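The values are calculated or read from the model by the stated rules, or taken from the named source; none is laboratory data. As the structure is a computational prediction, the values presented were derived from the model and not from experiment. As a convention, Cβ positions derive from the backbone with ideal geometry for all residues, glycine included, and neighbour counts pool all protein chains shown. Note: areas computed on protein heavy atoms with side chains; ligands, DNA, RNA excluded. Shrake-Rupley method; radii C 1.70, N 1.55, O 1.52, S 1.80 Å.
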Amino acid sequence: MGSLKAVLKHPDDFYPLLKLKIAVKKAEKQIPSEPHWGFCYSMLHKVSRSFGLVIQQLNPELRDAVCIFYLVLRALDTVEDDTSIASDIKVPILIAFHKHIYDRDWHFACGTKEYKVLMDQFHHVSTAFSELKKGYQDAIEDITMRMGAGMAKFICKELSLQVETIDDYDEYCHYVAGLVGLGLSKLFHASGTEKLFSDSISNSMGLFLQKTNIIRDYLEDINEIPKSRMFWPREIWSKYVNKLEDLKYEDNSEKAVQCLNDMVTNALIHIEDCLKYMSELRDPAVFRFCAIPQIMAIGTLALCYNNIEVFRGVVKMRRGLTAKVIDRTKTMADVYQAFYDFSSLLKNKVDMHDPNAKTTLNRIEAAQKICQDSGTLSNRKSYIVKREPSYSPALIALLIIILAILYAYLSANRSNKIKVTL
């Protein structure tokens, strides 16, 4: 019902949503016949449908390598995220994780739902990994070793539950996401399609995404059981409250929003590197793979900025807007246009009484200048709706009829499959 309401409010979302649904279904059917590869691609679509769709568009050799890299990272994250595992057990596993990807007999029971299945049947990932070219294996092993060591370091310093300084924050984000950027750059280079980007610019690609997730997931992390996960650095939040968890209480709403804006402003510093990285990519499929998450990140930051709902629930882009981003992102011009649109939305929300207003505006305007200087902003199709449109009853009725036909078609197909099975 919520999805239908959103489509009726934004009817131009309907076609991109339909295209996305069809593309996801098509990708889910393209599962390799070999049991180990079948498991890996099925698991990929379970842990991330949209990400799996973008991976599916890469050339076959690189696609396999990125699929395995992603699953290895999800497994590593599952170990690190499971707060029920004692540190003295978790740390050795993280440090040695790069060795486990070679061991087809290794598994470790942790996580929940699909992540538990991934950990229980990790031998399928190891088997698929063994079939990758050595260049891909070396890149995955190197990044897994560095990430595992970094995660273990922060657990030993007890920084997995509390980040003190902004430097700590950047270092943590480097280990859990910046290294992913470095790893992907190495995989792209190993495929022969891209130059090898510098560690610094590759790191920024990961940090921009990770900081966005940390900002968006404040409430989920602070309410984590059995113990809160505190990723926002004390150096920032201590300017506003005595304890990080105080931000979620209604009495602190004004300070909470100011702290949130400070966090968003910190994330904006990575935009210039991200735009430079994407502008130098050559392979169209690799470009889309990198560009879509980055656009989602700037869009999410624009929604979160100055928004008290970050401390009340989940703030994220509507599914129709996500579908538009996936559908429209084909060239660097599309990236410049999207970044300009979402940064404009963010800029319009800046309150000049906010303690960081000047810094926020400076960073937004620097990003917008890059987009403007590209010379690609004319005749763009904006992602941002400037006003609430009005729709005729006929249009609403037409949409309902189309949805009903689609539902009937999918139901009929499902019935036929059941009959064939029986």
Choose one answer from GLN372, GLN137, GLN337: the residue with the largest mean-square fluctuation in a GNM of the chain with alpha-carbon springs under 10 Å. GLN372
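Using a 1.4 angstrom probe on heavy atoms only, work out the carbon and sulfur share of the accessible area of the chain in %. If you can, show how the numbers build up before the last one.
Values: 10980 of 20030 Å².
For the chain, the apolar C and S fraction of the accessible surface comes to 55 percent.
With every protein chain left in place, what is the accessible area per residue of the chain in square angstrom, probe 1.4 Å? Display every interim value, and only then the final one.
Numbers: 20030 Å² over 422 residues.
Accessible area per residue, the chain: 47 Å².
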Peptides 284-290, 162-168, 347-353, 91-97: what's the order by average Cβ count within 10 Å, highest mean first? 284-290, 91-97, 162-168, 347-353
Under 1.5 on a/c is rounded, so check that first for the stretch 54-167, then, if it is not, pick prolate when a/b is larger than b/c and oblate when it is not; a ≥ b ≥ c are the square roots of the alpha carbon gyration tensor eigenvalues. prolate
Expected 222 nm ellipticity per residue - DSSP helices of 4 or more, -39500 (n - 2.57), all of the chain, to 500: -21500 deg cm²/dmol
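Indicate the gyration tensor shape class of the stretch 269-369 (rounded, prolate or oblate), computed on the Cα atoms with a ≥ b ≥ c the square roots of the eigenvalues: a/c under 1.5 is rounded; otherwise a/b larger than b/c is prolate and the rest oblate.
Values: a/c = 2.51, a/b = 1.42, b/c = 1.77.
It comes out oblate by the Cα gyration axes.
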Based on the alpha-carbon gyration tensor of the chain and its eigenvalue square roots a ≥ b ≥ c, which shape applies: rounded if a/c is under 1.5, prolate if not and a/b is larger than b/c, or oblate? rounded
